[in-house]
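Peer 1: Once you've had a glance at the structure underneath, I'll fire off some questions.
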Amino acid sequence: MVSIFDDMTQVTEAEVQHMLPLVDEQRRNEALRYKHLFGQFASLKSWLMLKELLAPLDINDMEMDFNEHGKPFLAHHPEVHFNLSHCKNGIAVVVDSSPVGIDIESFRRSNLSLIEKTMNPAESEQIFTSSDPVEAFTQYWTMKEAVLKLRGTGIVNDLHHVLDGKGYLLETHVNREKRYAYSIAYHTI
């Protein structure tokens, strides 16, 4: 199950104040640690989106624990997997019965050194020959992040070979109007 939020006109102080009483004390404190309004909003909104996705599964206990790399999981429901992501143009949440990763990114220009550091030669060529290199880079970046989040490792030193492995299925979506892309990496056997 996937939930995407991209109505960024709702990122207001009033909406943050509205959401604060809808979450537990730990999440409130976590959200208020952010100095910027968007961080507070994204923290609260992503939590409420997760809560909404878990409701049909009759999961109300959302106590979190973390793996050795900091990936959160439901402490009392290890059979349910989730992942969250946000960027300035959207918030993405996914829930699945197997490990899962999601990443959402706003379109952004990248310089040659970043592409060389993060993309292998075939990926770089596809980016440079694309009709929209910014969109192509963003898609590749979300795919790599989603796979790394699926694995629960976070960003690793060698990003060139992240998409070379097996054990996952990728789904990528682009919203050209709102200028973002997101990818979901699902676990396969």
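Peer 1: Can you spot a residue in the range 123-135 that is buried (at least 18 other Cβ atoms within 10 Å of the Cβ), of a type in the set (A, V, I, L, M), under 28 Å from residue 7 (Cβ atoms) and out of contact with any His (no Cβ under 6 Å at 6 or more places or on another chain)?
Peer 2: Within the range 123-135, none of the residues are buried (at least 18 other Cβ atoms within 10 Å of the Cβ), of a type in the set (A, V, I, L, M), under 28 Å from residue 7 (Cβ atoms) and out of contact with any His (no Cβ under 6 Å at 6 or more places or on another chain).
Peer 1: Tell me the residue from 51, 88 that is under 17 Å from residue 145 (Cα atoms), surrounded by fewer than 21 Cβ atoms within 10 Å (Cβ to Cβ) and of a type in the set (Lys, Arg), please. Walk me through how you get there before you give the answer.
Peer 2: Working: 51 fails: under 17 Å from residue 145 (Cα atoms).
When all the criteria are applied, what remains is 88.
Peer 1: Just need a number here: residues in the range 158-173 that are modelled with pLDDT of 95 or more and charged (D, E, K, R).
Peer 2: Residues meeting the conditions: 1.
Peer 1: While we're here: Taking the range 1-25 as the region of interest, how many residues are over 30 Å from residue 187 (Cα atoms) and not charged (D, E, K, R)?
Peer 2: 13
Yes/no matrix, rows are residues, columns are (1) crowded, with 19+ Cβ neighbours inside 10 Å; (2) modelled with pLDDT of 95 or more:
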{"position": "148", "(1), (2)": "yes, no"}
{"position": "156", "(1), (2)": "no, no"}
{"position": "175", "(1), (2)": "no, yes"}
{"position": "184", "(1), (2)": "yes, yes"}
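Peer 1: Looking at the range 16-38, is at least one residue β-branched (Val, Ile, Thr), outside any loop (DSSP other than H, G, I, E, B) and more than 16 Å from the chain's Cα centre (by Cα)? Full working, then the answer.
Peer 2: To start, the set of residues in the range 16-38 that are β-branched (Val, Ile, Thr) comprises 16, 23.
Now drop any that are not outside any loop (DSSP other than H, G, I, E, B), which leaves 16.
Then drop every residue that is not more than 16 Å from the chain's Cα centre (by Cα), which leaves 16.
Looking through the range 16-38, at least one residue is β-branched (Val, Ile, Thr), outside any loop (DSSP other than H, G, I, E, B) and more than 16 Å from the chain's Cα centre (by Cα).
The values are calculated or read from the model by the stated rules, or taken from the named source; none is laboratory data. This structure is a prediction, so every number in the text was calculated from the model and none was measured. Because the Cβ atoms are built from the backbone with ideal geometry, glycine has one as well, and the counts that use them run over all protein chains shown.
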